[in-house]
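Encoded as structure tokens, the structure appears first; notes follow it.
The values are calculated or read from the model by the stated rules, or taken from the named source; none is laboratory data. Small disclaimer: the values here were computed from a predicted structure and weren't measured. Cβ coordinates were reconstructed from backbone atoms using ideal geometry, including for glycine residues, and neighbour counts include every protein chain displayed. Remember, those area values only see protein heavy atoms, side chains included, never the ligands or the DNA or RNA. Shrake-Rupley method; radii C 1.70, N 1.55, O 1.52, S 1.80 Å.
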Amino acid sequence: QVQLVESGGGLVQPGGSLRLSCAASGFTFSFYDMMWYRQPPGKERELVARIGRDGGSTDYADSVKGRFTISRDNAKSTVYLQMNSLKPEDTAVYSCKADYFNTWGQGTQVTVSS
């Protein structure tokens with residue numbers, strides 16, 4: 001079955017960086033677009049970034065453009081989210097998802113605070 005395991009979250013000061021990873025299994029990773037979502041405390045989940053099957057196309061929420069970069073390694077069935085210039089409003093649980101599959105991992109907590 002589809003499994004997604006996120007890692008790399010933590011506590012970071014404003015202006016800092018983190019790199020999230022999502023290891024996928026149970027499906028042919030290279031066949032599907034991958035997305036990162038986040039759910040801030042008390043708010044709904046929102047789409048942060050999306051990457052095409054071969055990594056050639058990417059799209060970002062306006063709130064993270066220029067600060068976050070999504071990438072993937074199809075040989076490792078892993079998608080990444082490099083987050084730079086982090087702000088307190090980036091605090092959320094971050095989760096990855098494969099297009100067409102309604103499966104979520106446990107997520108990884110990112111807290112941006114001084």
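Under a no-solvent Debye model with one identical scatterer per Cα of the chain, what's log10 I(q)/I(0) at q = 0.19 Å⁻¹?
-0.93
Treating cross-link reach as a plain straight distance, find the lysines whose alpha-carbon is under 22 Å from the alpha-carbon of LYS65, omitting any fewer than eight places away in the same chain.
The qualifying lysines are LYS43, LYS87, LYS97.
Per the Kirkwood definition applied to all pairs of different Cα atoms, how many angstroms is the hydrodynamic radius of the range 28-90?
On the way: mean 1/r = 0.0807 Å⁻¹.
Taking every pair of different Cα atoms in the range 28-90, averaging 1/r and inverting gives 12.4 Å.
Go through the range 33-114 and name the chymotrypsin sites (Phe, Trp or Tyr not before Pro) that are in a DSSP coil and have 12 or fewer other Cβ atoms within 10 Å of their Cβ.
Numbers: sites: TRP36, TYR37, TYR60, PHE68, TYR80, TYR94, TYR100, PHE101, TRP104; in loops: TYR100, PHE101, TRP104.
Loop-located and lightly packed - TYR100.
So what is the accessible area of the range 1-61 per residue, in Å², with the probe set to 1.4 Å?
Values: 3430 Å² over 61 residues.
Each residue of the range 1-61 exposes 56 Å² on average to a 1.4 Å probe.
Comparing VAL12, VAL48, VAL79, which has the greatest mean-square fluctuation in the GNM of the chain with Cα pairs linked when under 10 Å apart?
Residue with maximal mean-square fluctuation among VAL12, VAL48, VAL79: VAL12.
Would you mind telling me which residue in PRO41, PRO88, PRO14 has the biggest mean-square fluctuation in a Gaussian network model of the chain, where springs connect alpha carbons within a distance under 10 angstrom?
PRO41
How much FRET efficiency would the formula 1/(1 + (r/R0)^6) give for SER30 and THR111, where r is the Cβ-Cβ distance and R0 is 41 Å, rounded to 0.05?
Calculated value: 0.80.
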